[in-house]
Amino acid sequence: MTIAAARALRNGAVCFVGIGLPSTAANLAARLHAPELVLVYESGTLGAKPEFLPLSIGDGILAETADAVVGVVETFNYWLQPGRIDIGFLAGAQLDRFGNINTTVIGDSYDAPRVRLPGAGGAPEIAASCREVLIIMRQSPRTFVERVDFVTSVGYGSGAGDRERHGFIGAGPTMVITDVGILQPAPETRELVLTHLHPGVGLQEAKAATGWELVASAELEHTPPPTTLELSTLRELEQTKAGRSTVGVL
Amino acid sequence: MTIAAARALRNGAVCFVGIGLPSTAANLAARLHAPELVLVYESGTLGAKPEFLPLSIGDGILAETADAVVGVVETFNYWLQPGRIDIGFLAGAQLDRFGNINTTVIGDSYDAPRVRLPGAGGAPEIAASCREVLIIMRQSPRTFVERVDFVTSVGYGSGAGDRERHGFIGAGPTMVITDVGILQPAPETRELVLTHLHPGVGLQEAKAATGWELVASAELEHTPPPTTLELSTLRELEQTKAGRSTVGVL
Amino acid sequence: MAIAALVRDGDTIALEGFTHLIPFAAGHEIIRQGRRRLSLVRMTPDLIYDQLIGMGCARRLVFSWGGNPGVGSLHRFRDAVEHDWPESLELEEHSHAGMANRYAAGASGLPFAVLRGYAGSDLVGETDSIRSIVCPFTGESLAAVSALNPDVAVIHAQQADASGNVQLWGICGVQKEAVLAARRTLVTVEELVERLEPRPGAVVLPAWAIDYVSVVRNGAHPSYAHGYSERDNDFYLAWDAISRDRTTFQEWMEANVLAA
Amino acid sequence: MAIAALVRDGDTIALEGFTHLIPFAAGHEIIRQGRRRLSLVRMTPDLIYDQLIGMGCARRLVFSWGGNPGVGSLHRFRDAVEHDWPESLELEEHSHAGMANRYAAGASGLPFAVLRGYAGSDLVGETDSIRSIVCPFTGESLAAVSALNPDVAVIHAQQADASGNVQLWGICGVQKEAVLAARRTLVTVEELVERLEPRPGAVVLPAWAIDYVSVVRNGAHPSYAHGYSERDNDFYLAWDAISRDRTTFQEWMEANVLAA
């Protein structure tokens, strides 16, 4: 999943990176095919080049290695909002068939939620304003749902035309990378369809991991297996993680 | 005039300073009774302590000696607009009986002016948002007029209550310091009345230098004559002026 | 510290610091003073607000992301929202962009800020401080958020000089905005120095923009002060277990904060 | 320089620099290229816009203060407004606060900005880019100004590195906003360095936010580059006499700009 995400990052792109898998994937890409990837963390570090994986978006290593450190107001207003960022990374507790993301509450009621999640953070505006959005999430019927309990960040809303109605600058989620494969929006409906399966995963497995009637693309492909170099670079990178402990990332 | 202006600056006050007489007066006060005067130049230098008089508000000496140098957007939005500045200094080509200032055009028509002046600069918002405003201008019937040709910056508008109607934070021009004396707003009408004459100037002279029917305060006083220390400090200061030439300041 | 003079029951307070320079020591003092019914404002509540909430100091939370960064949930925050323990917690919830702009409006003396944000998000329906506004030039509809002007802002910085000017550097977050937006302010600092040496990327707050400065060495721990300390990532990881259980949490607070 | 590729007749261009770091060399190149009908945007037009106006490059001026700082009038600007020489000049006139916020809105991808400004000023009646807006929370009326998004922004900076990242320091004005607001950008720099050494108070613009970088030593003269040159105050004083008379002005431009 991390390797598939890293592959999706073209050299020279400017990425708005959250902590966890996105940070790992971006740092992995920078060490492989994309040495000129520009990492922007929402803590205001433009062009950070951390030697090891930070635990939080505010780790000192990000400020030390950045081309520029700016305030949070500037980060959102001058850099994210006008559409200067090529790729935004998002994840969530729930994702629906139109790529909308929930990171707020699980349950029917906002006021009395079953599970209170951390909330929006930078996601609504990342989802709206980055030129494109990559979503990385583990796929399960519990997390890939027909309709999210709460729309924190909009993917394609209720389908084609919705982003345009909202006046969004960016194209929306062009790729959802999971442990099962890759989903992409169908050009006409904007519904997420399965375009790639990871090696060793079958179509039935993918459908079973999805809470809606998952459609597979007519040109369903398999992602190439990880290379030795990809695997070893990822392993090295993860060993450098700040805090030196293995952490479950939300 | 410069000495009278310097005297009006209490120690510890935060002043928004334009170039020319205001800058000279503020730097003079800082060398006399107000060593803790805080000078803010609109170029974004907070707490500048120039060793010599700058020619422009953007001279390098201001940045070198400032507590902080911030951008122009921040200067106006974070520092001036919320009413953090105690004293703003203004001048103009014309001033009217209610302390309104014209720095835009002389003549009846904005589009075809007799004299095109430099324009507003920071003045409209300095006039609105500083806790109080000091105006320094040479007094003549040509410059102290019944009604300014163009209201660039509002003093008391058309009289009492107008500042409140505009929602201004600051108190407006509390003192107009001229080569003749000092004018202050009458508490009820906000019309500028003569409260002080400089040594050697008579009331008739002051009235003759004013384009409206100048009223003198019942408690008309004379300003104390400049002390030797004030004069010598001013002379020293003016000799340090950047550019080393005597310049007519608009 | 100046906390006793500054923070009153029922106040709206903002302890800011974006991961870096979080004023933990000041937060602990607020807990020790037993303040109640506070409205807590912070983009990223972090462990210090988890502690304030768990200790019953808060009535309301104004925020944009309430998690333990890179670790997971803030359990005391969740317990308050999900089970009203130790009491119920009102939420005023925003995105980062919205919160940052609310502080900026507050610092600018404006009643609101405009941004491209929240469109299509269910947050709009839950939060009265998000409304829409129409551009008077283009007719386009945008989001407006109301200004934040906390009663008190507290930040932690590396240095203050003899006159009370303050300098912070590294990741500077929204601290300048929080201080300039607040009615009363306290800056805790790692150390007093004779003179502030200008530094790349630093934010300098002049003495006349601050009410109180206190020296509190290591006052940001387990957060950090760039150039003075490292982020205690192990503590952030450990907090997950400490905070998960009410009793464990209370015992830890008793031993490490109340008795300190 | 990249001026030939960047600036076309009829473009809206912003050469920014608040007294410091004014891109004079780039302005001279625009004059040599014979550009016409430009909309010139700048908070403080200064001598370089006096020259562009006097040479007939401009159709329109968007500005907030058009004087020779500390000296007096810009005579070419006055001659254009008062006597339509060498041709008439449309004005779009603002205050500094308004112009700064217009750039900030442009840099932020917003169509307008909100400020406390212009109330009671006759400027409101002369400029269509000032309107009023009502706060959706308090009902208060405030000023709105439309965003500035020039076709081209040119600034001068001290240094660029091998990758094209740019650093400027000293008084930084609205240069960052002007660059981020513009569609195409050029930065002239004093020198190329291997690596940008971080400096106090510096603005760093990453290479990916800029289109062209050109090395032009002393490219800000008679303005200055903090750390590289001093402001040539004598030239600012001398300009008063050079520019007062049309013929003297033209001869000076011929000898010092066109023939250069």
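Give region C:57-97 a look and list any residue that's of a type in the set (D, E) and surrounded by 23 or more Cβ atoms within 10 Å (Cβ to Cβ), or say none. If the condition is that a residue be of a type in the set (D, E) and surrounded by 23 or more Cβ atoms within 10 Å (Cβ to Cβ), then C:D79, C:E93 are the ones that fit. Scanning region A:27-50 for residues that are of a type in the set (K, R) and either at the interface with another protein chain (Cβ under 9 Å from one of its Cβ atoms) or free of Cβ contacts under 8 Å to residues at least 60 places away in the same chain (or both) yields a single hit, A:K49.
Taken over region C:97-110, the residue count meeting the criterion of being among the hydrophobic types (A, V, I, L, M, F, W, C), under 19 Å from B:W79 (Cβ atoms) and either more than 9 Å from chain B (Cβ to nearest Cβ) or in a strand (DSSP E or B) (or both) is 2.
I'm trying to understand the selection: among the residues of region B:142-184, which are in contact (Cβ under 8 Å) with a residue 60 or more places away in the chain, away from every other protein chain (no Cβ under 14 Å), of a type outside the set (S, T, N, Q) and touching a strand residue (DSSP E or B) at 6+ places or on another chain (Cβ under 6 Å)? B:F144, B:V145, B:M175, B:V176, B:I177, B:I182, listed by residue number.
Sub-7 Å Cβ pairs linking a first residue in region A:222-245 that is away from every other protein chain (no Cβ under 14 Å) to a second residue that is surrounded by 18 or more Cβ atoms within 10 Å (Cβ to Cβ) and modelled with pLDDT under 85, at least 6 apart or interchain, are A:L237/A:L53, ordered by first then second residue. Before we move on, is D:V62 within 30 Å of C:S141 (Cβ to Cβ) and either more than 14 Å from chain A (Cβ to nearest Cβ) or touching a Lys or Arg at 6+ places or on another chain (Cβ under 8 Å) (or both)? Spelling it out, D:V62 is indeed within 30 Å of C:S141 (Cβ to Cβ) and either more than 14 Å from chain A (Cβ to nearest Cβ) or touching a Lys or Arg at 6+ places or on another chain (Cβ under 8 Å) (or both). Hey, can you tell me all the residues within region B:40-49 that are surrounded by 24 or more Cβ atoms within 10 Å (Cβ to Cβ) and under 19 Å from B:E238 (Cα atoms)? Across region B:40-49, the qualifying residues are B:Y41, B:A48. Evaluating D:Y236 against the criteria (1) within 14 Å of chain B (Cβ to nearest Cβ); (2) of a type in the set (F, W, Y); (3) surrounded by fewer than 20 Cβ atoms within 10 Å (Cβ to Cβ); (4) not in a loop (DSSP other than H, G, I, E, B) leaves one unmet condition, (3).
Filter region C:111-139 for residues that are part of a loop (DSSP other than H, G, I, E, B) and among the charged types (D, E, K, R); which is farthest from the other protein chains (Cβ to nearest Cβ)? Only one residue tops the list, namely C:D128. When we screen D:L6, D:L115 for residues that are in the same structural domain as D:T127 (by TED's automatic domain parsing) and more than 15 Å from the chain's Cα centre (by Cα), the only hit is D:L115. A:A112 meets each of the listed conditions (1) farther than 15 Å from A:S153 by Cα; (2) touching a helix residue (DSSP H, G or I) at 6+ places or on another chain (Cβ under 9 Å); (3) small (G, A, S); (4) more than 10 Å from every other protein chain (Cβ to nearest Cβ) apart from (4). Of the listed requirements (1) without any contact (Cβ under 8 Å) to a residue 40 or more places away in the chain; (2) farther than 30 Å from A:I85 by Cβ, D:F24 misses just one: (1). Report yes if some residue within region C:16-24 is surrounded by fewer than 24 Cβ atoms within 10 Å (Cβ to Cβ) and either outside the structural domain of C:T188 (by TED's automatic domain parsing) or not aromatic (F, W, Y) (or both); otherwise report no. Scanning region C:16-24 turns up no residue that is surrounded by fewer than 24 Cβ atoms within 10 Å (Cβ to Cβ) and either outside the structural domain of C:T188 (by TED's automatic domain parsing) or not aromatic (F, W, Y) (or both). Among the residues of region C:185-213, those identified as surrounded by fewer than 20 Cβ atoms within 10 Å (Cβ to Cβ), away from chain D (no Cβ under 14 Å), part of a strand (DSSP E or B) and of a type outside the set (A, V, I, L, M, F, W, C) are C:E191, C:Y212. Being modelled with pLDDT of 95 or more, outside the structural domain of D:G10 (by TED's automatic domain parsing) and either in contact with a helix residue (DSSP H, G or I) (Cβ under 8 Å, 6 or more places away or on another chain) or buried (at least 22 other Cβ atoms within 10 Å of the Cβ) (or both) is true for just one of D:I130, D:I155. Which residue is that? That would be D:I130, the only listed residue that is modelled with pLDDT of 95 or more, outside the structural domain of D:G10 (by TED's automatic domain parsing) and either in contact with a helix residue (DSSP H, G or I) (Cβ under 8 Å, 6 or more places away or on another chain) or buried (at least 22 other Cβ atoms within 10 Å of the Cβ) (or both).
What number of residues within region B:79-107 are under 26 Å from C:R102 (Cβ atoms) and either in contact (Cβ under 8 Å) with a residue 60 or more places away in the chain or buried (at least 24 other Cβ atoms within 10 Å of the Cβ) (or both)? Summing the residues that are under 26 Å from C:R102 (Cβ atoms) and either in contact (Cβ under 8 Å) with a residue 60 or more places away in the chain or buried (at least 24 other Cβ atoms within 10 Å of the Cβ) (or both) in region B:79-107 gives 6. Taking helices (runs of 4 or more DSSP H) as the structural unit, those lying wholly within region D:1-71 and holding at least 3 residues that are modelled with pLDDT under 95 and farther than 23 Å from D:Y118 by Cα correspond to D:3-6. The residues listed here are D:Q167, D:Q158; of these, the one that is among the polar types (S, T, N, Q), in a strand (DSSP E or B) and either within 12 Å of A:D67 (Cα to Cα) or without any contact (Cβ under 8 Å) to a residue 12 or more places away in the chain (or both) is D:Q167. Within the set D:A162, D:A147, the sole residue that is within 14 Å of chain C (Cβ to nearest Cβ) and either over 21 Å from the mean Cα position of the chain (by Cα) or surrounded by fewer than 24 Cβ atoms within 10 Å (Cβ to Cβ) (or both) turns out to be D:A147.
The values are calculated or read from the model by the stated rules, or taken from the named source; none is laboratory data. These numbers come from a predicted model, not from an experiment. Ideal geometry is used to build each Cβ from the backbone, glycine not excepted, and the neighbour counts take in all protein chains shown.
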